[in-house]
């Protein structure tokens, strides 16, 4: 039987998270350039999770996992491997809960994200790539007795991200559809479950970059699949594989998947910047890119919620990507 969440569980986790997590704003997005891309009949709501603590949705899952540890386990500290946003969230959660975090990151990770980890009190250990990071994190867990906080897999991670989906539906109860970015699937799994439980009529669409379409391949195969390499500017959505729990939740609750190209991501970043005044990383533009591209006709004339999931990008990289956008 595939896994399922319950609304009372999601609400209980939200109470646990308390003031360590912000209720992020929603905004009706109206602009002539948006109408030019979609037509004037489609109504868009931005769920601005980029204003969450640490700049992404990630603390919801990290805190949920860490709050479920016994006090003795939590006191020994945690370890995480990540290209950036999850590492930042774990560093923040460790500080918020009075414990320590060891973080393993690829050397190619964004300097901005490394700096944010340090700002929350954790010093990243750098390794060659994400595969080496996973192995090293497991070694640290065994050596130090630290709990491993996974970036996207497991029931507590999904319950944490589900608080975002429930928050959105409570803020905007009349949505026809919600579009959610997919990396490893932890965000989409939780959000999709909460949306479907609270508003069964609302459709949920997951969106991946063409160059990191692990969930699409997994849906097609009927089991979690991997890819040989990540080929996208959306590094935050660059999971090299899907895993069973988040895959099964997505398969249970997601109505349809869409894929967007890097060019579509750049265009969406540019539109969000000049028409919504939001500077987002590529992952944060994925839902917008899907609505402007592969889902435009599918959702024409409907009221659609877009998860704007993160903004941890430095100004130079943002400028470089937006400069390459197609008008």
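Any read-out appearing in this document is the output of simple, stated calculations on the displayed coordinates, not a laboratory observation. Keep in mind that this is a model prediction, so the values were computed, not measured. Glycine gets a Cβ as well: all are built from the backbone with ideal geometry, and neighbour counts include every protein chain shown.
Taking every C-alpha pair closer than 8 Å and separated by at least 6 residues, the mean separation divided by the residue count of the chain gives a relative contact order of 21 percent.
What do you get for the angle between helix 7-17 and the principal long axis of the chain? Use alpha-carbon atoms, 0 to 90 degrees, nearest ten. Orientation of helix 7-17: about 60 degrees from the principal axis.
Across region 177-257, the mean sequence separation of Cα contacts (distance under 8 Å, 6 or more residues apart), normalised by length, yields a relative contact order of 38 percent. Among 37, 84, 61, which one shows the biggest mean-square fluctuation in a GNM of the chain, springs joining Cα atoms closer than 10 Å? Among 37, 84, 61, the largest mean-square fluctuation in the Gaussian network model of the chain belongs to 37. Roughly what % of Cα-Cα distances in region 58-148 sit above 20 Å, to the whole percent? Cα-Cα pairs in region 58-148 separated by more than 20 Å: 26 percent.
The alpha-carbon atoms of region 5-56, seen along their principal axes, cover 43, 26, 13 angstrom, with the largest extent given first.
Could you work out the percent of alpha carbon pairs in region 185-327 separated by over 24 Å, rounded to a whole number?
29 percent
With the cut-off at under 18 Å, measuring from each backbone N in region 231-253 to a point 7 Å along the Cα-to-Cβ line of residue 138 picks out 240-245.
GNM remark for the chain: springs join alpha carbons under 10 Å apart, and the peak mean-square fluctuation among 275, 283, 258 falls on 275. Taking the Cα centre of each part, how many Å lie between region 33-81 and region 103-129? So the separation of the two Cα centres works out to 19 Å. Our summary gives region 204-320 a relative contact order of 25 percent, counting only alpha carbon pairs under 8 angstrom and 6 or more residues apart. Between helix 58-67 and the chain there is an angle of about 40 degrees, using the helix long axis and the longest principal axis of the Cα atoms. Kirkwood analysis of the Cα pair distances in the chain returns a hydrodynamic radius of 19.4 Å.
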